[in-house]
Amino acid sequence: MDFLLAQILTGLASASSLFLVAAGLTIIFGVTRVVNFAHGSLCMLGAYIGWTVLSHTSRDPAAFVGGVVATFAIVGAIGALLEATLLRRIYHAPELLQLLATFGVMLMIQDMTLWIWGAGDLTLPRAPWLRGFIRLGEERFPVYDLVLIFLGPGVLGALWLLLHRTRFGTLIRAATENRDMVAALGIDQRRLFTAVFALGAGLAGMAGALLLPSGSANLHIDLAVVVDAFVVVVIGGMGSLPGAFIGSMMIGLLQVFGVLLLPKITLVLVFLVMAIVLAIRPNGLFGQPAAATAQAIARWDFVGPASSLLGWIGAAALIVATAAPLFTGAHVLGIMTEAAIAVLFASSLHLLMGPAGIASFGHAAWFGIGAYASALATRWLAAPLPFALLLAPIMAGVLAALFGVAVVRLSGVYLAMLTLAFAQIVWAVVFQWNTMTGGDNGLLGLWPPEALGLRGYYWLTLTLCTAASVLLRRMQRAPFGYALRAGRDSMPRAEAIGLPMVHLRLAAVTIAGAAAGLAGGLYGFAKGSVFPGYAGIDRSVDALLMVLLGGVQTISGPIVGALAYTMLYDGLLRLTTAWRFVLGAAILVLVVGFPRGIAGAARVWHGR
């Protein structure tokens, strides 16, 4: 019993820290409607700034509290600066462009943090009062964790008083309900949004500082924290503080007892719970129906026919790509192979995001499934290359269809988070199933047959990727594509005229999954190995970047975006060690200056 009580208290302490991050994210989204991917970076900054402040103060409790409050203020000021200089420009952009912009900010903050504090973990020496503990029978429980347990409800109470007993809180609740009405009443929305973002950023920074006594300041905090925070916010309901608190408690306890009771699936449990909650409550436990991402995409221009000039440019590029092995070396050929695979991967995601209006944060799930299906067929069945490559789209397509049956009726951020949950489940399975997948060591030695050679495999990849990408383009020009657009623009109207939108959307998810699976199978043989990271968040973000950089509202967008991103990424890796900062800055310039993407901006220019 003592051990059980200690584990419950440990989970509650972890939940309190997570609630601070999730509360900030909830407040920001509730008012500004910005899906802030950089929120984890603000928590990471809080850890580093907190370490800097606390390591130069005395070690008594009052100084620690003062350092945490100072961190809250500093990170809050950074958040206000970020909102005033960047986010204010993209409030009316589609949610996915907001996500892309904040991802660029995350990359820049990561490199700036590396320059200032270095790559090593920074730990805070524990003061004597931080090393204290209380007795729970035969168990010892840290006093600091007990403080954290009471801090979570205390912050929730303070935020409730702020929202319900102050004029500022009344304005926040009003803006959450109806921003247009607040503007009509003469309230300065810019000052309100800046203050709200500063409050949310300060909470994230305070959470980062509070991690120091039991952890360290490191460069991995941002991504780990933001994923958990998104899960909590989605479970509780976007914009709901009580929901964020309940979601934090659920996740904190689940992580502690998952390690004890179900260690083999610990990494999967959190996302399984999120999937179950959303299946029962599509808007989270306490959330209200949110505006769908599809509606934001639908406001963009109708996709017109491709010009003859674009056709000639595409044909010329394909001729050059086909002849490339005759005059290029192995390194360039390897990059071109990856570029061809990237085109197919981005095109598969574009089928969902463009015509179907389905935002996916976990498209790498199908990429990873295809890669592992081919690799396992080669490793365990000694399958030849054609059979292994055929198995990749089949397995990915079948699992995509099963996934689609459960979620195809959903839309918006909640559907996007379910795709992320499924991708994380796939990643966790291949990461922990060591006997079959090799775990973190991956599957090695998967090169194509020697008789094919580097050139032969490049031509095979180029042929398959080109054929599949052209097929996806033709689908968007066929009645199937126009029917998907009809449902994207207005689901009730499309169904009223007899379009079976559920079946059409399910077909789109299946086809996109199969195409991504083929890309994953080709990529595994191109690299000679398969790792869990092929289904990771980074891979999904790469696909989103390609589609959004190229332009969702153009059929050529994913092709242009994939080629641009591949060349930009490879060039930056070779030219500078600060490639994250440069890439993040380039993303921000494109989002702010070219919200339609590269291909979209070119189409507007050509039309003029």
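The values are calculated or read from the model by the stated rules, or taken from the named source; none is laboratory data. Keep in mind that this is a model prediction, so the values were computed, not measured. Neighbour counts are summed over all protein chains in view; Cβ atoms, including those assigned to glycine, are modelled from backbone coordinates with ideal geometry.
Answer yes or no: is there a residue in the range 328-339 that is under 30 Å from Phe29 (Cα atoms) and at pLDDT 85 or above. No, the range 328-339 has no match at all.
Do we find a residue being closer than 19 Å to Ile74 by Cα and not aliphatic (A, V, I, L, M) anywhere in the range 252-261? No, the range 252-261 contains no residue that is closer than 19 Å to Ile74 by Cα and not aliphatic (A, V, I, L, M).
Any residue in the range 458-473 that is under 17 Å from Ile335 (Cα atoms) sitting within a Cβ distance under 6 Å of a residue that is of a type in the set (S, T, N, Q)? List the pairs, counting only those 6 or more apart or interchain. Matching pairs, first to second residue: Tyr458/Thr337; Thr461/Thr337.
Just so you know, in the range 488-529 the residues that are crowded, with 24+ Cβ neighbours inside 10 Å, out of contact with any Gly (no Cβ under 6 Å at 6 or more places or on another chain) and not hydrophobic (A, V, I, L, M, F, W, C) include one that is nearest to Leu471 (Cα to Cα), and it is Arg505. In the set Leu344, Leu349, only one residue is buried (at least 24 other Cβ atoms within 10 Å of the Cβ) and in contact with a His (Cβ under 9 Å, 6 or more places away or on another chain); that residue is Leu349.
Each row is one residue, and each column tells you yes or no for (1) over 22 Å from Ala323 (Cα atoms); (2) modelled with pLDDT under 90; (3) surrounded by fewer than 21 Cβ atoms within 10 Å (Cβ to Cβ).
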residue	(1), (2), (3)
Phe387	yes, no, yes
Met395	yes, no, no
Val407	yes, yes, no
Ser411	yes, yes, no
Leu418	yes, yes, no
Phe422	yes, yes, no
Asp440	yes, yes, yes
Leu444	yes, yes, yes
Glu450	no, yes, yes
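Applying the criterion of at least 3 residues that are in contact with a strand residue (DSSP E or B) (Cβ under 6 Å, 6 or more places away or on another chain) and buried (at least 24 other Cβ atoms within 10 Å of the Cβ) to the helices (runs of 4 or more DSSP H) found wholly in the range 1-101 leaves an empty list.
Considering each residue of the range 122-145 in turn, none proves to be in the same structural domain as Ala62 (by TED's automatic domain parsing), under 30 Å from Phe361 (Cβ atoms) and out of contact with any Pro (no Cβ under 8 Å at 6 or more places or on another chain). Within the range 47-104, the set of residues being over 18 Å from Ala209 (Cβ atoms) and of a type in the set (Ser, Thr, Tyr) comprises Thr85, Tyr91, Thr102. Counting the residues of the range 345-359 that are more than 9 Å from Val552 (Cα to Cα) and part of a helix (DSSP H, G or I) gives 7.
Among the residues of the range 129-141, are any touching a Leu at 6+ places or on another chain (Cβ under 8 Å), under 29 Å from Leu107 (Cα atoms) and of a type outside the set (Asp, Glu)? No: the range 129-141 contains no residue that is touching a Leu at 6+ places or on another chain (Cβ under 8 Å), under 29 Å from Leu107 (Cα atoms) and of a type outside the set (Asp, Glu). Those helices (runs of 4 or more DSSP H) of the range 200-314 in which 1 or more residues are modelled with pLDDT of 85 or more and of a type in the set (S, T, N, Q) occupy 241-261. Could you say whether any residue in the range 571-581 is over 19 Å from Ala317 (Cβ atoms), modelled with pLDDT of 85 or more and in the same structural domain as Gly439 (by TED's automatic domain parsing)? Within the range 571-581, one or more residues are over 19 Å from Ala317 (Cβ atoms), modelled with pLDDT of 85 or more and in the same structural domain as Gly439 (by TED's automatic domain parsing). Of all positions in the range 517-529, at least one carries a residue that is of a type in the set (Gly, Ala, Ser) and in contact with a Cys (Cβ under 9 Å, 6 or more places away or on another chain). Just one residue in the set Ala127, Ala183, Ala175, Ala119 is exposed (fewer than 14 other Cβ atoms within 10 Å of the Cβ), in contact (Cβ under 8 Å) with a residue 40 or more places away in the chain and of a type outside the set (Lys, Arg); that residue is Ala119. Among the residues of the range 21-56, write down those that are aliphatic (A, V, I, L, M), within 23 Å of Ile172 (Cβ to Cβ) and within 20 Å of the chain's Cα centre (by Cα). Scanning the range 21-56 gives Val21, Ala22, Ala23, Leu25, Ile27, Ile28, Val34, Val35, Ala38, Leu42.
Has the range 2-19 got at least one residue that is without any contact (Cβ under 8 Å) to a residue 40 or more places away in the chain and outside the structural domain of Met181 (by TED's automatic domain parsing)? Yes - at least one qualifying residue is present in the range 2-19. Take Val560 and decide whether it is at pLDDT 80 or above, out of contact with any His (no Cβ under 9 Å at 6 or more places or on another chain) and not aromatic (Phe, Trp, Tyr). Criteria met by Val560. Determine whether the range 362-370 contains at least one residue that is buried (at least 16 other Cβ atoms within 10 Å of the Cβ), in contact with a Pro (Cβ under 8 Å, 6 or more places away or on another chain) and at negative phi. Within the range 362-370, one or more residues are buried (at least 16 other Cβ atoms within 10 Å of the Cβ), in contact with a Pro (Cβ under 8 Å, 6 or more places away or on another chain) and at negative phi.
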